[in-house]
Amino acid sequence: MDSFAHLHVHSEYSMLDGAARVGPLLDAAVAENMPAIAITDHGNMFGAYDFWKTATAKGIKPIIGIEAYITPGTPRSDKSRVRWGSASQADDDVSGGGAYTHMTMLAESNVGLHNLFRLSSLASIEGFYFKPRMDRELLAKYAKGVIATTGCVGGEVQTRLRLGQYAEAKKAAADFQDIFGKENFYAEVMDHGIDIERRTMTELMRLARELDLPLLASNDLHYTHAHDATAHAALLCVQSASTLDDPNRFKLDGDEFYLKSAAQMRELFRDTPDACDNTLLIAQRCEVSFEKRDLMPRFPVPEGETEASWFEKEVAAGLRRRFPNGPSEAHLAQAKYEVDVISQMGFPGYFLVVADFIAWAKAQGIRVGPGRGSAAGSMASFAMGITELDPLAHGLIFERFLNPERVSMPDVDVDFDDRRRPEVIRYVTEKYGDDRVAQIVTYGTIKAKQALKDSARVLGMPYSVGEKLTKAMPPPIMGKDISLGDVHNKEAERYKEAADLRAILDTDAEAAKVFETALGIENLKRQWGVHAAGVLMSAEPLIDVLPIMKREDDGAIITQFDQPPLEDLGLLKMDFLGLRNLTVIEDALRMIEANTGTPLKIEELDLNADQKTYELLARGETLGVFQLDGGPMRSLLKQLKPTNFEDISAVIALYRPGPMGMNS
């Protein structure tokens, strides 16, 4: 054997720590003819699906793992620091100031993959203390299908060895060997040319021999190429708010933490070739996959009914409510067509779920928007009270919402009074199970201008240097800045616009250095957040489907995968939007009733009858009016001077990225 598989890899999903972008990392591994590569991010599985999908498309086997945080022998509920050594050994003691050790874990099978999901989820939900932590009890419960190692220098075994506690190190290794199985636990060996690794290498080898632990060679990969070391150092400075000149800054010793070739790895471990061979044997063993499944939440229907039959009856009943004198033939025909399409596509349950929580909200006096986006083109939505617009009367097209020739999940955005949105989320959580409902993670990245400002700071340069560069950048188009990579790319669409910035870079050495550093960190993941509106609902407990986590601030459960993977896996996202304008409308209606003694039903107003409102719109006096309060929009209103409701629809439709991008 002369190949090698990297099984200890920190991608950009190890936020502000890993600088290996998934695509370029996999390209580099493919270029090296490596048969497989793992992803083992710090304490999370954010990138598992992205990595698997991208690697599969590039023809290299993805191995899904995690560098887990493990409690220092304590229960995961124990939030106390632990010290194993003396005060003089503090630098060699338990990581995180005594909170956790490290362990590399890889999924051998789909059973193992889902066990890693559960371990990662419960580490966050039950074991968070500085980091999401697992304990021996969790490991034992979910060890099936998982291959584990002693990890890096922060692992429990290596920590004990550094402290001179050989017997304790051996016992810990034996414990883990018992938990995972003799053939599934490895002594992980690294050589980055740093003292902290070499101090324990002899004793680790001895321990491996005595316990018959197979060796596993790895490189603690944090960036793709050797020349990325500088950008990675800058990224760590962003994390720790320090500068590259600070001798006490958080850093990795040396610059060996990249995707080394098979030849380099085998030369490093020439005395233990089996440690490299074992990377390939593990790669052969690991086979995982993701599948799309029907995970739409099940709506409880009366006995003897199916979701499809009940949906059809609800649409029919809704039409009778909407049209007390009977719906027209056109309405009936459109409803029948939609019911057939929706049933054929398998989405009756979706409509029942949405109609139910909207009906509940209205029953509680929570103001709900009349309909946003393409869902307003559906007669079924109108009949069931999901929207308040008759699509035939307004010439709206159902196929913009659901097209039988383009199978995709339906997407209804529902607006609620923003004060009471949490009540609706609580309702669906209680109805479908708190283990089946979660909010959705988002990932913030380091954008171009922020990369320039961060780079100037970590290089110890005055704020004005970063400011000068950001001001020289071309103005954003549709809110999007030019990529730094396009500034010198003559093939790029916006290359000519960056002439002023290039002129500065050509004449100012400091600015050029900042720019070069910024290139290395631009678009790396910076932090995770939560989708402003998205709520995920599942037919099965989410912990059995994907990794989740708990937000420490409020205990909210958040997915570890962002939106695109969720749809690929068959999970349903619904948008519960909190809209301040609905709050304003609700308050205004209450004040009208309080002042006049007469309740006003806004849904019953003639939208074309209020001449004074249209005059106000034509003057562009729309500050604070939803979707009409931006400067360019107010200018458009002055030009078009709407005189009826259809004109307002046209204005909003024109002021969208598509038409504006066509220079309309």
Exactly one condition in (1) under 21 Å from residue 20 (Cβ atoms); (2) surrounded by 17 or more Cβ atoms within 10 Å (Cβ to Cβ); (3) of a type outside the set (A, V, I, L, M, F, W, C) is false for residue 214; which is it?
(1)
Answer yes or no: is there a residue in region 380-401 that is crowded, with 20+ Cβ neighbours inside 10 Å and on the phi > 0 side of the Ramachandran plot.
no
For the list (1) charged (D, E, K, R); (2) at pLDDT below 90; (3) under 30 Å from residue 122 (Cβ atoms); (4) touching a helix residue (DSSP H, G or I) at 6+ places or on another chain (Cβ under 9 Å), I need the number of the one condition that residue 567 fails.
(4)
Could you count how many residues in region 356-383 are closer than 22 Å to residue 328 by Cβ and in a helix (DSSP H, G or I)?
8
Any chance residue 137 is more than 16 Å from residue 272 (Cβ to Cβ), modelled with pLDDT of 95 or more, buried (at least 20 other Cβ atoms within 10 Å of the Cβ) and of a type in the set (D, E, K, R):
no
Looking only at region 285-343, count how many residues are of a type in the set (Val, Ile, Thr) and not in a helix (DSSP H, G or I).
3
With the structure loaded, tell me whether residue 646 is closer than 30 Å to residue 424 by Cα and within 41 Å of the chain's Cα centre (by Cα) or whether it fails that test.
no
Give me the residue from region 230-268 that is free of Cβ contacts under 8 Å to residues at least 60 places away in the same chain and part of a helix (DSSP H, G or I) and, out of that set, surrounded by the most Cβ atoms within 10 Å (Cβ to Cβ).
233
Checklist (1) over 19 Å from residue 353 (Cα atoms); (2) modelled with pLDDT of 95 or more applied to residue 448, failing item:
(2)
Taking the criterion of being modelled with pLDDT of 95 or more, crowded, with 23+ Cβ neighbours inside 10 Å and closer than 28 Å to residue 275 by Cβ, would at least one residue in region 91-98 satisfy it?
no
Counting residues that are out of contact with any Ser or Thr (no Cβ under 9 Å at 6 or more places or on another chain), which strands (runs of 3 or more DSSP E) fully inside region 463-576 reach at least 1?
525-537, 557-559
Kindly indicate whether residue 386 is part of a helix (DSSP H, G or I), closer than 23 Å to residue 408 by Cβ, β-branched (Val, Ile, Thr) and under 30 Å from the mean Cα position of the chain (by Cα).
no
Within region 584-602, is there a residue that is surrounded by fewer than 16 Cβ atoms within 10 Å (Cβ to Cβ), among the β-branched types (Val, Ile, Thr) and assigned to a loop (DSSP other than H, G, I, E, B)?
yes
Against the conditions (1) within 30 Å of residue 547 (Cα to Cα); (2) touching a helix residue (DSSP H, G or I) at 6+ places or on another chain (Cβ under 8 Å), where does residue 457 fall short? Just the number, please.
(1)
Hey, residue 428 more than 30 Å from residue 526 (Cα to Cα), surrounded by fewer than 17 Cβ atoms within 10 Å (Cβ to Cβ) and hydrophobic (A, V, I, L, M, F, W, C) or not
no
Of everything in region 191-218 that's modelled with pLDDT under 95 and polar (S, T, N, Q), which residue is nearest to residue 272 (Cα to Cα)?
202
Can you tell me which residue is nearest to residue 269 (Cα to Cα) among those in region 173-194 that are of a type outside the set (D, E, K, R) and free of Cβ contacts under 8 Å to residues at least 60 places away in the same chain?
187
Residue that is nearest to residue 504 (Cα to Cα), among those in region 454-488 that are of a type in the set (Lys, Arg) and surrounded by fewer than 18 Cβ atoms within 10 Å (Cβ to Cβ):
471
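Return the only residue of 467, 493 being among the acidic types (Asp, Glu) and at pLDDT below 90.
Working: 467 fails: at pLDDT below 90.
Result of the check over 467, 493: 493.
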Mind listing whichever residues of region 1-40 are under 18 Å from residue 108 (Cβ atoms), assigned by TED's automatic domain parsing to the domain that holds residue 216 and either buried (at least 24 other Cβ atoms within 10 Å of the Cβ) or hydrophobic (A, V, I, L, M, F, W, C) (or both)?
36, 37, 38, 39, 40
Residue in region 212-219 that is in contact with a strand residue (DSSP E or B) (Cβ under 9 Å, 6 or more places away or on another chain) and assigned to a helix (DSSP H, G or I) present:
no
When region 469-490 is examined, which residues are found to be more than 18 Å from residue 446 (Cα to Cα) and charged (D, E, K, R)?
490
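The values are calculated or read from the model by the stated rules, or taken from the named source; none is laboratory data. Computed from a predicted model, the values in this text were never measured in an experiment. Using ideal geometry, Cβ is built from the backbone for each residue, glycine included, and neighbour counts are taken over all protein chains shown.
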